[in-house]
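Let me begin by presenting the structure, written as structure tokens, before commenting on it.
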Amino acid sequence: MQIEITHQPGNSAARVSLQAGETITAEGGAMIAMSGHMQVETTTHKRDKGSIMGALKRLVTGESLFLNHFTSNGGPGEVIFGTALTGDMMEFQMGSGPALMVQAGSYVASAPSVDMDMSWQGFGKALFSGESMFWIKLTGTGPVIINSFGAIYPIQVNGEYIVDTGHIVAFEESLNFEITKAGKSWMSSFLGGEGMVCKFIGQGTVWCQSHNAGSFGTALGPSLKSH
Amino acid sequence: MQSTIEGAPAFAYINVDLEPGETVIAESDAMSSMAADLDMVAKFNGGFFGGLAKAFLGGESLFVNHFTNNTSSTRRVSLVQGTPGNTRQIDLNGNTFCLQPGAYIASTPGVNLGVKWAGFKSWFAKEGLFKLTVSGQGSVWYGAYGGLLEKEVDGEYIVDTSHLVAYEPQMQLKIQLAGGLFSSLAGGEGFVTRIEGKGKIIIQTRSLSGLADWLNPRLW
């Protein structure tokens, strides 16, 4: 499997070249184009592990309910993935390092050798944040494709670092996090419009997206017709 | 204080490295990430009445956030506007600059934010009745949806409504039809802003209202 990310950062797309018989799993709706002989199988969870609970979990996490598995049967082939919002994409190689926690909505695709778990997050923490702070836990080895609204920048956390909840793309599970206030006081955090933020604690990398889809919606929303 | 604009032109954001004791001020919700031991305090945007004026008249937030480094070494805060697009820094040295509502992102403490009457013509141009002025000593970061074009005007220049981002205070703005009545309406240009004087203006290559006008017929 070869992954090439093109048209960065504004209009990123991921071109995945598959050998005969190879498979890539992707978020439903991410496929832009593919070879004619590509076989597509749709499941509600990782292949061979489909279950009603898995589907429900995906429903809850705000991801579309389905995963598509593209298999290049009968010869090599390719699939091209894109996303709805303008922004960058990143290929991440899972290996011997810690698990990768990906914000729901930032996940694009992964190799079948990468395991996906939607059940990691405690609901109390997630709901309280008011944003789609749901996570997909990726483990195993192989490539993962992740997208962002805007540019992606990594932060090497060593101690504590704060990221606004709408700006988190992914982080290494070696980091702990807590949902907390941005300012010295709750009053200050809400008056200042920052609200809840995520404080990462420990050592590891967090990938941030430069822009916040919610803020863009707030800017654009008033100009759109109501229905 | 060291600052860089990253991600430009499509997704510009600002990294500000604060030395011990330094402060940077940013509009509401501009912070995307920061060192956990920076102090963030929300304050009225130029006092209570000043904040009210800027919020209701200048299209800015009622509160701004003060990020202060009370540690003993350099700390970073990253700031960004709500829309994708480019960001610029201007350094003020006693001079004044005018910003359209919503363009302001952040500034250093020596910069004063004020609201001035821009006239009904500005409101007609969908650019608000009031304009935001920045003056004093220090740096200001502002941004727009799309790219930013800088133009030295000497005489007259015409900018489509909603594409003007910033201009020097001596520039005079007038609102008018783009051409004759028919060509203005049928040609989709509608009102334009006629700018007169000698000085710098900044134009954005896209506008949110343009995007909304495109999206609206497609929503149901």
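For the stretch B:1-18, how many residues meet the condition of being assigned to a loop (DSSP other than H, G, I, E, B), surrounded by 21 or more Cβ atoms within 10 Å (Cβ to Cβ) and either of a type in the set (S, T, N, Q) or touching a residue at least 12 places away in the same chain (Cβ under 8 Å) (or both)?
Going through the stretch B:1-18 one residue at a time, the tally reaches 2.
With respect to A:GLU178, is the statement that it is charged (D, E, K, R), more than 7 Å from chain B (Cβ to nearest Cβ), over 19 Å from A:SER106 (Cα atoms) and under 22 Å from the mean Cα position of the chain (by Cα) true?
In short, yes.
Where in the stretch B:19-66 are there strands (runs of 3 or more DSSP E), lying fully within it, with 1 or more residues that are at pLDDT 95 or above?
In the stretch B:19-66, B:23-27, B:31-35 are the strands (runs of 3 or more DSSP E) which contain 1 or more residues that are at pLDDT 95 or above.
Of the residues that sit in the stretch A:151-175 and are more than 23 Å from B:ILE14 (Cα to Cα) and not hydroxyl-bearing (Ser, Thr, Tyr), which one is farthest from the chain's Cα centre (by Cα)?
Per the criteria, the residue is A:LEU175.
For the stretch A:28-44, enumerate the residues that are assigned to a strand (DSSP E or B) and exposed (fewer than 15 other Cβ atoms within 10 Å of the Cβ).
Hits for the stretch A:28-44 are A:ILE32, A:ALA33, A:GLN39, A:VAL40, A:GLU41, A:THR42.
Looking only at residues in the stretch A:188-206 that are out of contact with any Lys or Arg (no Cβ under 9 Å at 6 or more places or on another chain) and at positive phi, which one is farthest from the other protein chains (Cβ to nearest Cβ)?
This residue is A:GLY204.
Taking A:GLY214, is it of a type outside the set (Asp, Glu), out of contact with any Ser or Thr (no Cβ under 7 Å at 6 or more places or on another chain), surrounded by fewer than 15 Cβ atoms within 10 Å (Cβ to Cβ) and more than 8 Å from chain B (Cβ to nearest Cβ)?
no
Looking at the stretch B:15-47, which of its residues are among the small types (Gly, Ala, Ser) and at the interface with chain A (Cβ under 7 Å from one of its Cβ atoms)?
Within the stretch B:15-47, B:SER28, B:SER32, B:SER33, B:ALA35, B:ALA36, B:ALA42 qualify.
The values are calculated or read from the model by the stated rules, or taken from the named source; none is laboratory data. In this text, all values refer to a predicted model and were calculated from it rather than measured experimentally. Cβ sites come from the backbone with ideal geometry, for glycine too, and all protein chains shown count toward neighbours.
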